[in-house]
Amino acid sequence: MSSGAVPWEDTSRRFAREREFVRRFSRRPAGVISLFIILIVLFAAIFTNVAATHDPIFTDFDALFSGPSGAHWLGTDNLGRDTYSRIVHGARTALLVGVISVGIGVSIGMPYGMLAGYLGGWKDEVMMRVMDAIYAFPALLLALIIIAVLGTGIFNVMIAIGVVFIPGLARLVRGSTLSVKEMEYVLAAESSGASTWRIILQHIAPNILAPVIVQGSLAIGFAIIAEAGLSFLGLGTQPPDPSWGSMLSGAQRFLTSQGSLAIFPGLAIVLTVLAFNLLGDTLRDLLDPRLRGSD
Amino acid sequence: MTTYIIRRLIATVPVLFLISAITFFTIRLLPGDPALAILGPEADYNLVEALREELGLNRPVVVQYLDWMYHAFQGEFGESRRSGDTVAALVSDRLEVTIQLGILSLIVAVILALPIGLLAGSKPNTPFDYLGTFFAVVGAAIPNFWLALLLILVFAVDLGWFPALGFTSFREDPLENMRGMVLPAIAIGIAQAAVLARQTRASMVEVLQQDYVRTARSKGLRERNVIFRHGFRNAMIPVITILGLQISNIVSGAIIIESVFSLPGIGKLLIDSIFNRELVTVQALALMLALAVAMSNLLVDVSYGYIDPRIRYE
C-alpha cells in the first residue's frame, strides 16, 4: 500500500460518521425546514431568470401600485416594477453579500485568531487587545465608518460587513486554538520541527472548523440584515438595482398610501435570516454542543 | 472590590487608546483621500490640495493623530464645513434624543424579556416555553427598520395613536415627547428583548436544576419563592453580561431608527454626515460612540463584580 492511501477501515469510519451526522440532522425539523428554505432562496439567487417572472428594473407605467394579480403575483411598486421579480433578484444580492462578507471575515479572522492563540504570551495579548478595540465599535457604526471612506455601493458594503466579523471570529478561533494547541498531535508536529504556519494550517485549522462553521452560518443571517439596513439607508445597493433593503426604503415613501409595499421584502428578509439562524443553531447542537449555553 | 475596579480601569486604558487610533487611522489610511472624499471625485486639483493643507493632511500621519487626540481631549473636534457649527455643539444638541431613545429601548427590552424568559425557563417544554422560544427566535430575525415600518403602518397610519415622524423636546411637551418615542423604542427594543429572553430562559433552566433549588423545594418553600428568590436572582448574573452587549446593539439600532423616524439624534447626524461627506464629524461621532460603549461595558463589568463576588476574586 502506498503511503498516501487511506486504509479501508478509516474511509469506512469516515463515511459512517457523515452518515450519522445526516441521520441526526434529519431528525431535527427546524434544521431540515431551514435548509429547505435556504435551498429555495439559493435557487432563486442562482437561477434568477427562471425564478423571476419580469425584468426587475422594467418600469410599466400602466401598472403603477397594482395589487397582487395573475400578472404581478405580489403587485408592483410606484414605477410599475414587479415586486416578486425584484424580491427574487434581491435574493441574489442578499446571499452574495452574506457569503462574501462572511468569507472576508473568516479568511482574515481565522488565521489571525489561530496565530494569536498559537503564539500565546505578549504577542497574543497585543493581537487580542487590537481585536477588543475593534469589537468595542457597534457593528453598524464600524461598517458606516468604512463606507464613509470607501464610498457607497454593494462591493464596499461586503468589505465593511466582512471587517465587522473579524474580531468576533478571531476571538472564537483563538479560544479553540488554545485548547487544540495542547493536543499531543500538535506537540508531536512541533517536536518534528514543523513551521508555525504548517502547524496552524495542517494541524490546528481542521480541528477548529466546527465552531467556525456554526458562527459562519449565524453570521450570514446578520450580514443579510446589515446589507438590507445599509441599502435601506441608501448606502448599499444603489437604485435601480433590486435589494430587499432598498425596496423597503422605497416603500417608506408611500407608507401612508401603499403600506403593502413594505410587507413582502421584509418577509423575505425575516424568512431567510430565520432559516440561517435556525440552521446555525442546529449545526451548533450537532457539531459543537459546548457552544450551546442558550438552550 | 476597589482593587478589582482599579484593575478593570487600567485594562480599559489601552483599549480606549486603540479605539481612538482605529477611528483616526481608518479614516486616514483606508484607500481614498479624505480631501477628495469631502470635495467629491471631480473636484479641482488645486482645491483638493488647498483642503489637504487646511486639514493638515500633508503632515506626517502620526503628528496628525497626536494633534487630533490633543484637541479631542479638550472636546474640540473641529467644525462642520456645511453648517459652520462646531462638532461639539452639533453633538450636544442631539445627545439628549439618543440617550433618551437608548434608555427607553433598554426599558422595553427588559420589560418584555424578563417575564417571557422567566416564564419559559421556569416551565420548560410547556406552551409558555414554546411561545417564549418562538418570540426569541423570530424577534432576533426581524430587522429593526422593517419592524419600525410595520409599527408606523399599524399604530401611526391606521390607528393614529402615535406620530409617524418628528420629535418634540421633553422640556417642551413631555407627553408629546413620549408619544413620539414609543414606536422607535419598541422598534429597537424587540430584537434586544429576543436575545435577553433567550438568555434569561437558558439561565433559569440551568439554575432551577441546581442542588440548592432542590433543597429549597424539599424544605417546602412555595414555588413562587423558589423561582424568584432562589432561581431568578441567580439566573440574572449571565443576563447582565448580555445586557452589556445590548448597549452596543442599541447604539447600532439608534443609528438606523433615528433616520426612519426623523429623530434629530446622534445616529441621524452620523448618517447625514456620511451623505454630506463631513468626515471630521463622522470621525468625532465614531470616537464618541465607541468610547461610550466601551465605558458602559466597563460599568457592566464592575456591576457584575458587585453581583457575583467570584468574579472579583479571580
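So what are the range B:71-161's ellipsoid semi-axes, whole angstrom, largest first, if each one is the square root of 5 times an eigenvalue of the alpha-carbon gyration tensor?
Working: eigenvalues 322, 72, 25 Å².
For the range B:71-161, the semi-axes come out at 40, 19, 11 Å.
Seen from all sides and averaged, what is the projected area of the convex hull of the Cα atoms in the protein assembly as shown, in nm²?
Working: hull surface 140.5 nm².
Mean projected area for the protein assembly as shown: 35.1 nm², to one decimal.
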If you take the accessible area of A alone, add that of B alone, and subtract the area of the pair, what total do you get in Å², probe 1.4 Å, to the nearest 100? 3900 Å²
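Could you look at the range B:84-155 and say what percent of its accessible area is carbon and sulfur, using a 1.4 Å probe and all protein chains?
Working: 2430 of 3110 Å².
Within the range B:84-155, the accessible surface is 78 percent carbon and sulfur.
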Tell me the angle of helix B:45-55 to the major Cα principal axis of chain B, expressed in degrees between 0 and 90 and rounded to the nearest ten. 60 degrees
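Jot down the per residue volume, in cubic angstrom and as a whole number, of the convex hull over the alpha-carbon atoms of the range A:182-242. Each step should come with its number before you reach the end.
Details: hull volume 7.4 nm³, N = 61.
About 121 Å³ per residue, rounded to a whole number.
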Where the only charges are on Cβ atoms (+1 Lys, Arg; -1 Asp, Glu), what is the dipole of the range B:1-132 about its Cα centre, to the nearest 20 debye? 780 debye
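What's the FRET efficiency of A:GLU182 with A:LEU96 using the Cβ-Cβ distance as r and R₀ = 35 Å, to the nearest 0.05? Walk me through the numbers before you get to the answer.
Values: r = 39 Å, r/R0 = 1.13.
Here the calculated transfer efficiency is 0.35.
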Averaged across B:293-305, how many Cβ atoms of other chains sit within 10 Å of each residue's Cβ atom? 1
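Packing-wise, with mean Cβ within 10 Å as the measure, how do B:182-188, A:271-277, B:221-227 rank, highest first?
Details: B:182-188: 24.9, A:271-277: 22.9, B:221-227: 14.6.
Highest to lowest by the protection proxy: B:182-188, A:271-277, B:221-227.
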Positive-end residue, the protein assembly as shown charge dipole about Cα centroid, Cβ charges, pick of A:LEU233, A:THR272, A:PHE36: A:PHE36
Measuring from the lowest to the highest alpha carbon on each principal axis, how far does the range A:166-208 reach, largest first, in angstroms? 33, 17, 13
Along the positive direction of the dipole of the range B:18-87 (beta-carbon charges: Lys, Arg +1; Asp, Glu -1; about the Cα centre), which of B:HIS71, B:PRO41, B:GLY56 reaches farthest? B:HIS71
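May I ask you to rank B:GLU172, A:GLU182 by accessible area, largest first, using a 1.4 Å probe over the protein chains only?
On the way: B:GLU172 145, A:GLU182 115 Å².
Ranked from most to least accessible, the order is B:GLU172, A:GLU182.
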With charges set only on the Cβ (+1 for Lys and Arg, -1 for Asp and Glu), what does the dipole of the protein assembly as shown come to about its Cα centre, in debye to the nearest 20? 2380 debye
Let me know the mean shielding of A:251-262 by other chains, meaning the per-residue number of their Cβ atoms within 10 Å of its Cβ. 3
Between the DSSP loop rule and a limit of at most 15 other Cβ atoms within 10 Å, which trypsin sites (Lys or Arg not before Pro) in the range B:120-210 are left? B:ARG171
Leaving out ligands and nucleic acids, and using a 1.4 Å probe, what accessible area per residue does chain B come to in Å²? 49 Å²
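If I compute solvent accessible area with a 1.4 Å probe over the protein chains, what percent of it on the range A:65-131 is carbon and sulfur? It would help to have the intermediate numbers written out before the result.
Details: 1850 of 2580 Å².
In the range A:65-131, the share of accessible area belonging to carbon and sulfur is 72 percent.
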Could you pull the Rg and Dmax for chain A, using just the Cα atoms, both in Å? 22.7, 76
5 angstrom amide H check on A:THR237, placed H, neighbours 5+ away: A:SER231
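Charges only on Cβ, +1 for Lys and Arg, -1 for Asp and Glu: so what's the dipole of the range B:19-72 about the Cα centre, in debye to the nearest 20? It would help to have the intermediate numbers written out before the result.
Details: 3 positive and 7 negative charges, 58 e Å.
That gives a dipole near 280 debye.
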Helix A:29-46 versus the longest principal axis of chain A: what is the Cα-based angle in degrees, 0 to 90, to the nearest 10? 60 degrees
Would you calculate a helix-derived [θ] at 222 nm for the protein assembly as shown, using -39,500 (n - 2.57) for each DSSP H run of n ≥ 4 and dividing by the full residue count, to the nearest 500? -24000 deg cm²/dmol
Protein-protein interface of the range A:206-240, residues with accessible area decrease of at least 20 Å², isolated chain reference, 1.4 Å probe: A:ILE225, A:GLY229, A:PHE232, A:LEU233, A:LEU235
For chain A, dividing by residue count, accessible area per residue (probe 1.4 Å) in Å² works out to 46 Å²
Assuming R0 = 45 Å, what is the FRET efficiency of A:SER69 and A:VAL32, from their Cβ-Cβ distance, to the nearest 0.05? 0.85
Proximal charge balance of B:THR241 [Cβ under 12 Å; K/R count +1, D/E count -1]: -2
Leaving ligands, DNA and RNA out of it, report the carbon-plus-sulfur percent of the accessible area of the range A:219-264 at a 1.4 Å probe. 60 percent
Using alpha carbons only, how many degrees (0 to 90, rounded to 10) separate the axis of helix A:8-26 from the longest principal axis of chain A? 40 degrees
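The values are calculated or read from the model by the stated rules, or taken from the named source; none is laboratory data. Since we're looking at a predicted model, the values are computed, not measured. For neighbour counting, all protein chains shown are included, and Cβ atoms are generated from backbone atoms with ideal geometry for every residue, glycine included. All accessible areas refer to the heavy atoms of the entire protein, side chains included, with ligands and DNA or RNA removed. Shrake-Rupley method; radii C 1.70, N 1.55, O 1.52, S 1.80 Å.
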